[in-house]
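S.K.: For reference, the structure I am asking about is given below.
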Amino acid sequence: LTPSQLRMKHVLHDSEVQKAISIARWYEANFFGAQLEEEQKEEEEEDNDSSVGSNSDDEYEFDECGVEIDLTQGVHKSFRYPKGQQLVKKKNRTSIDKTLLSGLENSMSKDEQTLVTGLMTSGDTTKLVSAAKMLSEILISSIGGVPLKKRLMKLSSVYVLIDECEKAHQKGPTGNNKTVANNNVQTNTRDSKISRRRVSLAKNQASARMHADFMNMHPLPVRMPKYAKFSLPKDSVRGLPLTFTNDKWDGTVKDAFCKISVVPLCDKIYKTCPSKAHPGVLNVLSEGRMTPESIDSRIDIERDRVIVKSINQDCGRQGVMRGDVVTHLDDEEFKGNAADLVKAIEEKAKKGGGEQNTFTLVFNAEQSIAEALKRRSNVSW
């Protein structure tokens with residue numbers, strides 16, 4: 001499926017269709033169960049020669065609650081539920097973590113934010129791939145359809161100043177008929193605007209401090225999942241937009257917080273890991289227990305992996321950086337070394353029929369990142 005088809009599939013499956021099916025199943029079970037109880041009561045009353053005056057009302061009430069459905073489509077939109085009834089038990093929904101949305105929360109619906117948060121914190125590498133694809137599709141859509149000014153920070157001092165200048169230069173009353181009262185009103189209005197601006201600035205500063213404190217105790221991995229699409233000339237890998245080199249993963253979750261630096265000329269790799277005394281990393285890795293031994297705990301054996309050695313401008317525009325770990329090629333998990341990856345890309349270029357063949361890469365959808373995000377969610381919600 002394409003990223004847009006995958007996005008639509010998840011949204012419909014998660015928010016509308018499944019909810020309708022669950023409600024219809026609840027009504028079906030409730031309706032037939034109540035109907036059997038009524039039939040038993042009627043038989044007992046007939047045996048005892050008692051009155052059955054309320055049967056018609058009860059039957060009408062249950063007929064009103066019953067509904068035929070198609071389990072693949074759910075309840076029709078024309079169906080209206082009775083007021084004042086608890087239809088289904090409320091499920092514990094995933095809390096939205098906007099720090100996982102790459103700054104795209106204003107371009108996403110609530111269902112999409114919830115879905116991406118759930119995928120990111122699932123602890124499953126395949127779900128990280130789905131989340132990276134969704135974020136990439138949303139980013140492309142937002143950049144293509146939103147003007148540049150609206151994509152910039154709304155609270156930018158430049159745009160605030162421009163708006164104030166435009167309001168100041170608007171034509172006002174002319175002549176000498178301005179009274180002292182009008183001047184006082186204008187002065188009070190100006191003062192109120194200044195005070196509101198100060199209050200807004202203080203709120204923004206307080207919010208920024210709270211966000212900084214939260215991120216200090218709940219840091220994100222230094223490498224987040226990414227999805228990128230590249231084009232390649234037919235029968236050639238000389239135009240490959242990035243190069244690769246080999247590396248090893250030590251099997252720990254701490255690797256998610258280690259920065260990988262690559263020097264392309266000498267092909268050297270440097271890793272900068274956080275200290276064991278870092279409160280935020282210790283809080284995430286120990287899931288709030290603050291136990292130092294959890295820093296170096298392993299979840300797997302040592303494994304080979306491929307990282308990005310160098311990039312061009314196209315990679316940079318898509319957010320790819322040197323040191324990113326290549327985990328998937330065309331949505332399939334990649335296992336091998338750098339030479340195997342180049343060979344696989346070359347084979348895809350030969351199989352393609354067009355002059356420009358495309359392939360996709362997913363970065364950083366690795367086991368350590370998935371486990372780190374899962375543990376972070378356990379202590380941050």
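The values are calculated or read from the model by the stated rules, or taken from the named source; none is laboratory data. All values reported here derive from a predicted model rather than from experimental measurement. Glycine gets a Cβ as well: all are built from the backbone with ideal geometry, and neighbour counts include every protein chain shown. Quick note on the areas: whole protein, heavy atoms, side chains included, nothing else; ligands and nucleic acids left out. Shrake-Rupley method; radii C 1.70, N 1.55, O 1.52, S 1.80 Å.
S.K.: Taking all protein chains as present, what is the carbon and sulfur share of the accessible area of segment 289-381, in % to the nearest whole number, probe 1.4 Å?
M.R.: Carbon plus sulfur share of accessible area: 44 percent.
S.K.: For segment 242-351, go through all pairs of different Cα atoms, get the mean of 1/r, take its inverse, and jot down that Kirkwood value in Å.
M.R.: Averaging 1/r across every pair of different Cα atoms and inverting gives 15.7 Å.
S.K.: Please compare each pair in Lys110/Lys276; Lys254/Lys309; Lys110/Lys193; Lys229/Lys350; Lys110/Lys335 to a cut-off of 29 Å on the Cα-Cα distance and tell me which ones are over it.
M.R.: Lys110/Lys276; Lys110/Lys193; Lys110/Lys335
S.K.: Hey, another quick one. Apply 1/(1 + (r/R0)^6) to the Cβ-Cβ distance of Ser310 and Met215, taking R0 = 41 Å, and write down the FRET efficiency to the nearest 0.05.
M.R.: Rounded to the nearest 0.05, the efficiency is 0.85.
S.K.: Follow-up. To the nearest 20 Debye, how big is the dipole of segment 224-381 about its Cα centre, given +1 on the beta carbon of each Lys and Arg and -1 on that of each Asp and Glu?
M.R.: 400
S.K.: Do any trypsin sites (Lys or Arg not before Pro) in segment 258-291 lie in a DSSP loop with no more than 14 other beta carbon atoms within 10 Å, and if so, which?
M.R.: The qualifying sites are Lys276, Arg289.
S.K.: Using the basic label-point model (7 angstrom from Cα toward the beta carbon), what is the Ser275 to Asp124 distance in nanometres?
M.R.: For the pair Ser275/Asp124, the computed spacing is 4.0 nm.
S.K.: Expressed in nm to one decimal, what extension gain is obtained for the pair Arg198 and Lys110 from 0.36 nm per residue of sequence separation less their Cα-Cα distance?
M.R.: Roughly 28.6 nm would be gained on extension.
S.K.: Now, a different point. Let's test the formula: R0 of 45 Å, r as the Cβ-Cβ distance of Asp300 and Ala208. What FRET efficiency results, to the nearest 0.05?
M.R.: Working from the Cβ atoms, E equals 0.75.
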